[in-house]
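What follows is a short report on a single structure.
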Amino acid sequence: MSQVSLPQSLHPNLPLTALAPMQDVTNLWFMKIIAHYGSPDYFFTEYFRVNDTSRLNRHILAAITENDTGRPVFAQMIGESIPDLVRTAKELCKYNIAGIDLNMGCPAPRIYRKNVGGGLLREPEKVEQILGELRSAVSDRPFTVKMRVGFENTDNFYKILDIINRHNIDLLSLHGRTVKDMYHGAVKYDLIAEAVKRVNCPVLANGNINSATTALEVLAQTGAAGVMVGRWAIGNPLLIISGRSRCPSHKIGLSFLWSPPA
């Protein structure tokens, strides 16, 4: 099975930009605020929890069904039950989504203790099964993965990258810390660079992207196709506004990333 084309970016000659999925943050209204000042190429929803009794969360679904930003929205899922992940993916594909994204990076202990999110990085064999079944179920639109470089260490990193290749994942968003690192310590941009070389799909660099200067440095260091911005968009969404005022052109998505460094 070949890969599927990603949605058209805002500006094909510029690196991709994406707003990271953040639970209880990146809802419809947050997306609207971000889009008002400068849309990213891609939005990702909060994760839909998937288990044997789960149903699509209507509040998260609103970020898809009521989204008038004009930008593609990927629906993110979190779970480990393969039949239920497949069921949920098929349900989500009935809506106007850009694709399905699997969360393999959430570092919250209450999440990874259930063997979902970042907890999956401890079990490459399980990842192999999940990605294989979901790739078959999501054949007509992009299937993407968001993950970290490992759980407690990076022992499984290259093994999981090879699994991603085997199942023709269309886009990889990679946070350069382990699950146990959470949001502390240095981001391992060198491992993001290794992933860029190893996988056959575009890679978005994630982790401490807090300014135009940082974004450009990370892109130069990693060779990534673009960047994914997370917590810094919460802490100071006005970065987008201030960046636009510094940039002579309005032809930019998350313009603060690509405005000329001061």
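Overview of results
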read-out	value
Rg over Rh, two decimals, region 96-153 (C-alpha only, Kirkwood Rh)	1.01
Segment ARG198-ILE33, length gained on full extension (0.36 nm per residue, minus Cα span)	55.8 nm
Separation in nanometres of the label points that stand 7 Å from Cα toward Cβ, at ARG122 and ALA62	3.6
Helix 82-92 axis, angle to the chain major axis (alpha carbon atoms, nearest 10°)	40
Projected-area average for region 65-204 over all orientations - Cα convex hull basis, square nanometres	8.5
Per residue solvent-accessible surface (Å²) - the chain, probe of 1.4 Å	43
Inter-probe distance in nm under a simple model that places probes 7 Å from Cα toward Cβ, at ILE82 and LYS159	1.7
Count, lysine Cα pairs under 18 Å in the chain, 8 or more residues apart or across chains	13
Translational diffusion of the chain, µm² s⁻¹ [Kirkwood Rh, Cα pairs; Stokes-Einstein; 10 °C; 1.306 mPa s]	87
The chain - percent of accessible surface contributed by carbon and sulfur, probe 1.4 Å	50
Förster-model FRET efficiency, 30 Å R0, ASN168 and ALA220, C-beta, rounded to 0.05	0.60
Label point distance in nm, ASP24-TYR183, each placed 7 Å from Cα along Cα→Cβ	1.2
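The values are calculated or read from the model by the stated rules, or taken from the named source; none is laboratory data. No experiment lies behind these values; they were computed from the predicted model shown. So basically every Cβ, Gly included, is an ideal-geometry build from the backbone, and we count neighbours across all protein chains shown. Ligands, DNA and RNA are stripped out before the accessible areas are found, and what is left, the full protein with its side chains, is counted by its heavy atoms. Shrake-Rupley method; radii C 1.70, N 1.55, O 1.52, S 1.80 Å.
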